[in-house]
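Just below is one structure, and these are the notes that go with it.
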Amino acid sequence: MRLNEFLHFNSHCPICGNPLNLYMQWMDSICFKAVRSSNDLYKFFLFTGVKKDGDIKDDDYMLLQDKGTDIDISFSSSRMLQESKKFSIYFFLLCNPSGFRMKKWGDYEISIYRGCYYRDTPFFEFEKNPNERKKWILQPKDKSLDIIMKHESYSFKKSNETHEKVYTITLDYEYKKTTFWYYKTTEEERQKEDFEPSALRKEMPLLKTRIKAGIEDRDKLIDRMDSWVLVS
């Protein structure tokens, strides 16, 4: 797969319609957040993550130029270029930045309940350009994977006078499976910081058709998910 295909797939959340935020994660290290300019130039700034003495600095950044069928990448410093070669890298899009739940030492986890919609790429790594010896290019780590994205997650909520129902679907395109979670809570339960709902988890084959998540399809989709709950 090419990174361009991932970037072009969608730019707005299929659930709420808000613009998606692009991030780049260096495995077990730093997460960067992108700012996009009008000419499809993405500037990745340090966002959060685990840093070590002597690695990149707070003002370092990476530039990614999307040329439609190709990607150009440059760095603010040779130090950052050298560091980037050490890591497996993946990119992800998140609808709502409040989906980040910060932990100690700059680590984090993603709450899809708050994040609304998420999708990510398989791993990439930097390789020497065979045509330009001094230039490095970003390539898929597993070139046999013919997928645009690795995971795609959706979160839906439906409330009445007494309960909030939460439905989450994660599509795993690498292993071709669908994982569905469902739980419901009361307002009182949601006010407790340490409350952990008891969730139903159901694993199924990968859905054959894409999820229609727009507001005009929402009732039909929730009816379908309610049927999954009933048969579980």
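Stokes-Einstein diffusion for the range 3-140 at 10 °C, viscosity 1.306 mPa s, with a Kirkwood radius from C-alpha pairs, works out to 101 µm²/s. Set the Cα radius of gyration of the chain against 2.2 N^0.38 Å, with N its number of residues, and you get 1.12.
To the nearest ten degrees, helix 218-230 and the longest principal axis of the Cα atoms of the chain are 70 degrees apart.
Could you check the simple spin-label distance between Lys220 and Ser78, using points 7 Å along Cα→Cβ, in nm with one decimal? Between Lys220 and Ser78, the simple spin-label model gives 5.9 nm.
Taking a point 7 Å out from the Cα of Arg201 in the direction of its Cβ, the residues of the range 166-184 whose backbone N falls within less than 12 Å of it are 179-182. Placing unit charges on each Cβ (+1 for Lys and Arg, -1 for Asp and Glu) gives the chain a dipole about its Cα centre, and among Tyr61, Thr179, Ala213 the Cα reaching farthest toward its positive end belongs to Tyr61. Pairs exceeding a 22 Å alpha-carbon distance, out of Lys43/Lys103; Lys33/Lys157; Lys33/Lys86: Lys43/Lys103; Lys33/Lys157.
Within the shell defined by Cβ-Cβ distances under 10 Å, the residues around Asn4 carry a net charge of -2, with Lys and Arg each +1 and Asp and Glu each -1.
Relative to the globular-protein estimate of 2.2 N^0.38 Å, the Cα radius of gyration of the range 151-230 stands at 1.17. The ranking of Asp142, Asp223 by Cβ neighbour count inside 10 Å, starting from the fewest, reads Asp223, Asp142. Going by neighbour counts of Cβ atoms within 10 Å, the residues Val35, Val166 line up, fewest first, as Val35, Val166. Each Lys and Arg adds +1 at its Cβ and each Asp and Glu adds -1 at its Cβ; summed about the Cα centre, the range 151-230 shows a dipole of about 500 debye. Projected label points at Lys212 and Lys103, each 7 Å from Cα along the beta carbon direction, are separated by 3.9 nanometres. Based on Cβ point charges of +1 for Lys and Arg and -1 for Asp and Glu, what charge dipole magnitude is obtained for the chain about its Cα centre, in debye rounded to the nearest 20? Here the chain has a charge dipole of around 460 debye. Taking the number of Cβ atoms within 10 Å of each Cβ as an exposure proxy, the fewest-first ranking of Cys16, Cys95 is Cys16, Cys95. Dipole check for the range 3-140: with +1 at the C-beta of Lys and Arg, -1 at the C-beta of Asp and Glu, and the Cα centre as origin, the magnitude is about 220 Debye.
Considering helices alone, the calculated mean residue ellipticity of the chain at 222 nm is -4000 deg cm²/dmol, with DSSP H runs of length four and up weighted by -39500 (n - 2.57) and normalised per residue.
Only the coordinates and a few stated rules stand behind these numbers; no lab work does. If you're wondering where the values come from, they're calculated on a predicted model, not measured in any experiment. We place every Cβ from the backbone using ideal geometry, glycine too, and count neighbours over all the protein chains shown.
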